[in-house]
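Notes follow once the structure below has been shown.
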Amino acid sequence: MNRRFRSVFFLSVFLTLFSGWARSELNVEITQGVEGAMPIAVVPFGQQILPGDNIGSIIAADLARSGRFKPLPESEMLETPTSPEQVRFRTWQVLGQDHLVIGRVQPGAGSQYEAEFFLYDSIKGTLLTSARIPFNAPETRRTAHRIADIIYQQLTGEPGAFATRVAYVTVTGSGPRDRQYRLQIADTDGYNPQTIISSVEPIMSPAWSPDGKRIAYVSFENKTSAIFIQTLATGERQKVSDAPGINGAPAWSPDGSQLAMTLSKDGNPDVYVMNLASRSLRRITDHIGIDTEPNWSRDGGSIVFTSDRGGKPQLYLVSSSGGPAQRLTYEGEYNARGVFSPDGRSIAMVHGNGGDYRIAVMDLQTRTLRVLTKGRLDESPGFAPNGSMILYASKSGGVGQLAAVSIDGRVQQSLRIDSGQVREPAWSP
């Protein structure tokens, strides 16, 4: 199979899988949690600001989605204190709750509000932490996510990731004439979906900037591939690459000053790095194989990429300044879409063997590979900013969806939509 044919073949297969996805709000559910999850009571906060947006309920849902906590249903609460003087620890001990969260919302300065919460060890009857957070009414849900992050870190010792966002691509329409592609972002619980850009031509490969303020992506709006960067606050976007041939797989450097990408302008798909200030290009790989899907190490010194130079797609590591590449993966028939964990100690990937494609993680020190998922067509892994979960796309029975799995494989989440399918997930910083 010649190089040009292989490039066109890989692209055509991707676009075929990409077709037919529909736009809808994500619905998150736990399909597998940690055995013996921590019991916690999160009482509805006093003075609800917006209908359906009680901060306590949102916090409880966040903690439940982590799979590590088992919030007490509101219907089983014997009392609903909202201030410290109303708390009777004996009540929560009888209900078997290890921890208790109460809170209230009060008017703040000007048009703002102030959310105050208290986290208790209900067994010992002691206060673990409390805080007051000012916010505007439209920020009710984000404020709840921030409080859930604080609680999660206090009780697990790890940073939370509830206040972050996910980007994904959807498509409406059943045929080429009415098909509409959309790049969307939403909260990690699926709420507040916003369309960043839409097109009748494919959009793919969204990648967040390190500061979370911009997204790079590939668009075919002019019938050929081009890489754009869009500022989320203003909607302003810039075309950074529309070289002849393939323009694909953008990936930000850790400091946000460079963008790795796949270009075939010199005849073969290779990895390049662009200095975003000068728009100058640096060629990182130069091989007759297809080199694609770059991702930076957390220190910016290395880039992992996918290459078929050994006959089948495998992961390779190269210096971000270029040079000889080192093969990383040998186990399995297919290893691709490598992405570094936030602590830099492991790499998540799509691992193929025997016709199944699943999400796996390799420990970079020991080179041991651990398969985390059980699907047949799992792809596009990306770490949560705290490294606790991996977001990925999955397909089962012809239906595509997003899913997440903890790095130990013990917690599984399904991010479903009401109709259609959604792909290409990317977790914000």
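Of Gln194, Gln47, Ser319, whose Cα points farthest to the positive end of the dipole of the chain (charges on the beta-carbon: +1 Lys, Arg; -1 Asp, Glu; origin at the Cα centre)?
Ser319
So what is the relative contact order of the chain, in percent, for Cα pairs below 8 Å that sit 6 or more residues apart?
Once normalised by length, the contact order is 14 percent.
Order 175-181, 143-149, 240-246, 159-165 from most to least packed using the mean count of other Cβ atoms within 10 Å.
143-149, 159-165, 240-246, 175-181
Could you state the number of Å between the C-alpha centres of region 358-391 and region 123-148?
31 Å
For the chain, take N as its residue count and report Rg(C-alpha) divided by 2.2 N^0.38 Å.
Dividing the Cα radius of gyration by 2.2 N^0.38 Å gives 1.05.
With the other protein chains left in place, how much accessible area per residue, in square angstrom, belongs to the chain at a 1.4 angstrom probe?
Spelled out: the 1.4 Å probe surface of the chain, per residue, equals 44 Å².
Excluding residues on the same chain fewer than 8 positions from Lys223, give the lysines whose Cα lies under 20 Å from its Cα.
Partners within reach: Lys239, Lys265.
Going by amide H atoms built from the backbone, whose H comes under 5 Å of the H on Tyr334, apart from near neighbours?
Gly352
Expressed as a whole percent, how much of the Cα-Cα distance distribution for region 152-219 exceeds 20 Å?
40 percent
Please report Rg over Rh for region 81-171, where both radii come from the alpha carbon positions and Rh follows the Kirkwood definition.
1.06
Report, to the nearest whole %, how much of the accessible area of the chain belongs to carbon and sulfur atoms, 1.4 Å probe, protein only.
It is 48 percent, rounded to a whole number.
Taking a cut-off of 25 Å between Cα atoms, list the lysines near Lys70, but don't count ones fewer than 8 places away on the same chain.
Excluding near neighbours in sequence, the set is Lys124, Lys374.
The values are calculated or read from the model by the stated rules, or taken from the named source; none is laboratory data. Remember, it's a predicted structure, so these values are computed and weren't measured experimentally. Using ideal geometry, Cβ is built from the backbone for each residue, glycine included, and neighbour counts are taken over all protein chains shown. Heavy atoms of the whole protein, side chains included, go into the accessibility calculation; ligands, DNA and RNA do not. Shrake-Rupley method; radii C 1.70, N 1.55, O 1.52, S 1.80 Å.
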